[in-house]
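Trainee: Structure provided below as structure tokens; questions to follow.
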Amino acid sequence: MSNQYSHEKIIQLRKKRSAADRRFKTYGLIATLMGMAILFFLLFTIFSKGYSSFQKSVIELEVSYDQETLKITSDSTYEEQVKAKFFRVKKNAIAKALPDLSKKDIKLIKKMFSINVDKEIKEYFLNNPNILNTTQKIFVTAHSDVDQLLKGNARRNIEEKKRKLNDRQLEFFDEFVSSGRLKTKFNNFFFKNADSRHPELAGIAGSFVGSLFTLMTVFLLAFPIGIGASIYLEEFAPKNKFTELIEVNIANLAAVPSIVFGLLGLGILLNVFGFPRSTPLVGGTVLALMTLPTIIIACRASLKAVPPSIKEGALAMGASKMQAVFHHQVPLALPGTLTGTIIGLAQALGETAPLIMIGMIAFIPNIPTGFTEPSAALPVQIYLWVESSERGFQEKTAAAIMMILIFLFLMNALAVFLRSKFERKW
Amino acid sequence: MFYWSLIIIVLGIYSAYIFGKSRIKSNAKQLDIKTVSLPTYYAQYMMVWCLLPALIVYFGWIIFENQIIQNLVLANFDFELNPTLNPGLLIAEIKNVASNISFAEGKAIEILNAAEHYSSLKFTSTVAFYLSVLIFMILGVMIASRKLQPTFRAQKSIENYIKYFLFFCSTVAVLTTVGIVFSLLFESLRFFSEVSIFEFLFGTKWYPYIPIREGQSGSQGSFGAIPIFAGTFLIMIVAMSVATPIGLFTAIYLSEYASPKIRSIVKPLLEILAGVPTIVYGFFAFVTVAPFVKTFGQSLGIDASPTSALAAGLVMGIMIIPFISSLSDDVINSVPQSLREGSLGVGANKAETIKKVILPAALPGIVGAFLLGVSRAIGETMIVVVAAGTAPNLTANPFENVTTVTVQIVIALIGDQEFDDPRTLSAFALGLVLFVITLILNIFALRIVKKYRERYE
């Protein structure tokens, strides 16, 4: 009979089947490893592109602070010193940056310095006013093109026209490097400056503070409303159509694309209610509405986890339902609700599209000081720098991403810490 | 106005609290009876009655102040006589002059007068605001203080107020949805009054520029969204064909094969991948994947665009992997153990059990996860804004440059917004389409998942 298997056939079939089993397992393993590999590749790309941004290139200049050029005297007041002609000092210093420079060379070499050099020369003087009439060796910030070349991000062995620095400037560059006058040091600008048109001066302080204000707004709005909503739905809501509508609504709102929330902010908050544009107040409100479902779902889970016996005990002692909930159930659920809120905030921190919609994409060169001031936010700053054609911004982008990832990591670590420290198993 | 009014309101409710507490105590002492509720509840009652009127005034002002002042200022201009005047631009100019942003010199005398009028109205409004906040707070406290009798059940009414507040909190989600629908519909209707809805849904040419002058040749605006929908679809297909196999196999491996130790390492790593902001994926696509796709295309002899659908789709697929894998993982784990054991018991090996028993049983849940992934891919913005193109292109070639719904929304709203220009309004029409499609996908997916859960519970 044909459907009768011989012994060998059965062994063969079993071999085939176990080979298929092993293959299947290998596919799973490969898929998992691919996911991991992609994650590490992503992180590696960002770190390898971004770490150089924590360094900036500086060039040593011999600056002679003589009083004729500055037009001040040793007994000038501070105000007069502030207004002294530092740009002339800078001009002289740059003209003598290298020996034997022609007029054309000076023009070229000037482009190798940041526009911030006047300020640095001035600050150095204001910090040590007794250096009048002396010559000082100061390291001043180099232009982004020099910086990129020194860090190896820009190539030099390509056609002159395609390079930012021409052949003559490369000669200067080599002279600076060989005499040890061009070096890198810690880039403080990246941490204390706001955005700038010049890559070597641009920093994340402005967008970081903007993000902080935005997240504070999100927290102040979403935390109370989220807890309130989850208490209502868990404890007080009657079982009727409207409650069901609310529940379905929350579930669906969680999956609405974030850009739609941006349109809500633009159409309602800005155009109808007249909120101030580009401010953390509007951005925070939109993000709060967006993260609300996440927070409500987490809060409800942690309220549910508190055993009913605790509430019932309070009720038996004569507490009203409100007292039983607010004095006993909510405090016990608080760590869980906080964890959920932090996770919601982490989600809000990385969100970009809604903030673009409400105009937090404007170029803001100063650090915001309030909720109703136009400001940038970290992810939007990243977007602005990605879109920038200037090469120097690419490492800034990667470095800003590193910062945002570090903050996300810290927030999640805090959530995990809160959960493990305060969560009780009943 | 923002900070000062906040301070005034906080001080107001604090004094209402103190006042309420001392008043009820002295009232009770006079009558020599005990209060029904604890004195704090009476004080809280006063707080509520101080806060509510203040909030009403506050929000009333926020909503109506600008509108009323603008209308009063613009009332002096005759728009019928002067049809070239644009009220929006005019009010912006007046505001700028009033706040010294733009120089007053060289402006028309009407504008200067209007700016002065505007400033004086603004000042009057601010003074009136503070006065009315104070008056309303005092009025509220005065009315409520008549109830400060020891026999008044303050606790009960406070608890009712709290309940109303909690109810309000839970309706915020509903109000948000209503707000979304309202804003999208309202602006979309304005858009469709200028562009026919059939042209929008079935037209194949997207050229969102309306001629500035009448009869300007060669630049007739055209709003056919088919190329945009096609681009979105193409990128979604690429993304899902990356995310579905990898995500699903990861879920199978983690739930069926991996030891608890591997699970405890891989799951948090996948969570990290899920928590990476999408703009970071956009950067990754832009600096790493897109150049790679370009050289890959060249090695195949295909001229790939630097912003190809493939690059954006691949990275979007990576973004969706953890989403698919964690949802499918939950679904596979909730397949009853008895099914597994039954299959293994009749001699099937693990792969056969998974393929013939577990996956069919989990299929509805996996389809739900897939649909949620699709809805994510369609609504994803930052990856495509950075890594996909901006020009509409009706093509099925993933090496070419396509654009998506979300990219067009961002482009339409990123520059100067003028809400009487169909270009700006088109963003809301596209947003409406996006919202409706993702909503349908979500409702459908959630229903499937729910049905599936019920089956095994």
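Trainee: How about the stretch B:127-158: which of its residues are surrounded by fewer than 20 Cβ atoms within 10 Å (Cβ to Cβ) and in a loop (DSSP other than H, G, I, E, B)?
Mentor: Result: B:Arg146, B:Lys147, B:Gln149, B:Thr151, B:Phe152, B:Arg153.
Trainee: A further question on this structure: Checking the structure you have, find out if any residue of the stretch A:127-136 is of a type in the set (A, V, I, L, M, F, W, C) and closer than 22 Å to A:Glu200 by Cα.
Mentor: Taking the stretch A:127-136 first, the residues of a type in the set (A, V, I, L, M, F, W, C) are A:131-132.
Now drop any that are not closer than 22 Å to A:Glu200 by Cα, which leaves none.
Within the stretch A:127-136, none of the residues are of a type in the set (A, V, I, L, M, F, W, C) and closer than 22 Å to A:Glu200 by Cα.
Trainee: Inspect all residues belonging to the stretch B:403-425 and state whether any of them is crowded, with 23+ Cβ neighbours inside 10 Å and assigned to a loop (DSSP other than H, G, I, E, B).
Mentor: Yes: one or more hits.
Trainee: Looking at the stretch B:156-176, which of the residues that are of a type outside the set (Val, Ile, Thr) and more than 7 Å from every other protein chain (Cβ to nearest Cβ) is farthest from the chain's Cα centre (by Cα)?
Mentor: It comes out as B:Lys156.
Rundown of residues vs (1) assigned by TED's automatic domain parsing to the domain that holds A:Ile404; (2) surrounded by fewer than 16 Cβ atoms within 10 Å (Cβ to Cβ); (3) out of contact with any Ser or Thr (no Cβ under 9 Å at 6 or more places or on another chain); (4) closer than 27 Å to A:Gly180 by Cβ, yes/no style:
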position: A:Glu80; (1), (2), (3), (4): no, yes, no, no
position: A:Arg88; (1), (2), (3), (4): no, yes, no, no
position: A:Ala93; (1), (2), (3), (4): no, no, no, yes
position: A:Asp105; (1), (2), (3), (4): no, no, yes, yes
position: A:Ile109; (1), (2), (3), (4): no, no, yes, yes
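Trainee: Tally time: how many residues in the stretch A:242-272 are surrounded by fewer than 18 Cβ atoms within 10 Å (Cβ to Cβ) and part of a helix (DSSP H, G or I)?
Mentor: 8
Trainee: Within the stretch A:178-196, can you find the residues that are surrounded by fewer than 15 Cβ atoms within 10 Å (Cβ to Cβ) and within 24 Å of A:Gly50 (Cα to Cα)?
Mentor: Passing the criteria: A:Lys185, A:Phe186, A:Asn188, A:Phe191, A:Lys192.
Trainee: Working only within the stretch B:93-114, note down all residues that are surrounded by 12 or more Cβ atoms within 10 Å (Cβ to Cβ) and modelled with pLDDT of 70 or more. Before you say what the answer is, go through the steps one by one.
Mentor: Initially, the stretch B:93-114 is screened for residues surrounded by 12 or more Cβ atoms within 10 Å (Cβ to Cβ), giving B:93-99, B:102, B:104, B:107, B:110-114.
Those that are surrounded by 12 or more Cβ atoms within 10 Å (Cβ to Cβ) and modelled with pLDDT of 70 or more: B:Glu93, B:Ile94, B:Lys95, B:Asn96, B:Val97, B:Ala98, B:Ser99, B:Glu110, B:Ile111, B:Leu112, B:Asn113, B:Ala114.
Trainee: Right, another one. Got a sec? Which helices (runs of 4 or more DSSP H) wholly within the stretch B:272-375 have at least 3 residues that are out of contact with any helix residue (DSSP H, G or I) (no Cβ under 7 Å at 6 or more places or on another chain) and surrounded by 17 or more Cβ atoms within 10 Å (Cβ to Cβ)?
Mentor: none
Trainee: Of (1) of a type outside the set (Ser, Thr, Tyr); (2) under 26 Å from the mean Cα position of the chain (by Cα); (3) under 25 Å from A:Tyr65 (Cβ atoms), A:Leu149 satisfies all except one. Which?
Mentor: Going through the list (1) of a type outside the set (Ser, Thr, Tyr); (2) under 26 Å from the mean Cα position of the chain (by Cα); (3) under 25 Å from A:Tyr65 (Cβ atoms), A:Leu149 breaks only (3).
Trainee: Cβ contacts < 6 Å: first residue at the interface with another protein chain (Cβ under 9 Å from one of its Cβ atoms) and under 24 Å from B:Leu339 (Cα atoms), restricted to the stretch B:229-257; second residue of a type in the set (Lys, Arg) and in a helix (DSSP H, G or I), any location; separation 6+ or different chain. Result?
Mentor: B:Leu254/B:Arg263; B:Tyr257/A:Lys25
Trainee: Additional query: Search the stretch A:17-68 for residues being within 9 Å of chain B (Cβ to nearest Cβ) and either in contact (Cβ under 8 Å) with a residue 40 or more places away in the chain or under 19 Å from the mean Cα position of the chain (by Cα) (or both), and hand back the single one that is farthest from B:Val276 (Cα to Cα).
Mentor: A:Lys49
Trainee: Here's a follow-up. Filter the stretch B:376-413 down to the residues that are more than 8 Å from chain A (Cβ to nearest Cβ) and polar (S, T, N, Q), then identify the one that is farthest from B:Phe283 (Cα to Cα).
Mentor: Only one residue tops the list, namely B:Thr395.
Trainee: Being within 11 Å of chain A (Cβ to nearest Cβ), touching a Phe, Trp or Tyr at 6+ places or on another chain (Cβ under 8 Å) and over 30 Å from A:Glu247 (Cα atoms) is the requirement here; does B:Leu425 meet it?
Mentor: It is true that B:Leu425 is within 11 Å of chain A (Cβ to nearest Cβ), touching a Phe, Trp or Tyr at 6+ places or on another chain (Cβ under 8 Å) and over 30 Å from A:Glu247 (Cα atoms).
Trainee: Among the residues of the stretch A:383-416, write down those that are in a helix (DSSP H, G or I), at pLDDT below 90 and away from chain B (no Cβ under 13 Å).
Mentor: Matches in the stretch A:383-416: A:Gly392 only.
Trainee: To continue, here is another question. Tally the residues that are buried (at least 16 other Cβ atoms within 10 Å of the Cβ) and among the basic types (Lys, Arg), restricting the search to the stretch A:120-142. Before the answer, list the steps.
Mentor: Of all residues in the stretch A:120-142, those buried (at least 16 other Cβ atoms within 10 Å of the Cβ) come to A:120-122, A:124-125, A:132, A:138-142.
Going one step further and asking which of them are among the basic types (Lys, Arg), we end up with A:122.
Residues flagged as buried (at least 16 other Cβ atoms within 10 Å of the Cβ) and among the basic types (Lys, Arg) within the stretch A:120-142 amount to 1.
Trainee: Could you grab the pairs with beta carbons closer than 8 Å, sequence gap of 6+ or different chains, first residue in the stretch B:63-74 and within 15 Å of B:Thr126 (Cβ to Cβ) and in a helix (DSSP H, G or I), second one at pLDDT 80 or above and of a type in the set (Phe, Trp, Tyr)?
Mentor: Correct list of pairs: B:Glu65/B:Phe129; B:Ile69/B:Tyr118.
Trainee: Which members of the stretch B:380-402 meet the condition of being assigned to a helix (DSSP H, G or I) and within 15 Å of B:Ile318 (Cα to Cα)? Full working, then the answer.
Mentor: Taking the stretch B:380-402 as the starting set, the residues that turn out to be assigned to a helix (DSSP H, G or I) are B:382-387.
Result: B:Met382, B:Ile383, B:Val384, B:Ala387.
Trainee: Out of B:Leu201, B:Leu148, B:Leu184, B:Leu189, I need the residue that is out of contact with any Ser or Thr (no Cβ under 8 Å at 6 or more places or on another chain) and within 9 Å of another protein chain (Cβ to nearest Cβ). Which one?
Mentor: B:Leu184
Trainee: How many residues, within the stretch B:345-370, are under 20 Å from B:Ala251 (Cα atoms) and more than 10 Å from chain A (Cβ to nearest Cβ)?
Mentor: Qualifying residue count for the region: 15.
Trainee: Name the one entry in A:Phe213, A:Phe208 that is surrounded by 15 or more Cβ atoms within 10 Å (Cβ to Cβ), modelled with pLDDT of 90 or more and touching a Pro at 6+ places or on another chain (Cβ under 9 Å).
Mentor: A:Phe213
Trainee: So, A:Ser48, is that one modelled with pLDDT under 90 and polar (S, T, N, Q) or not?
Mentor: For A:Ser48, the condition - modelled with pLDDT under 90 and polar (S, T, N, Q) - is not met.
The values are calculated or read from the model by the stated rules, or taken from the named source; none is laboratory data. Since we're looking at a predicted model, the values are computed, not measured. Virtual Cβ from ideal backbone geometry, glycine too; neighbours counted across all protein chains shown.
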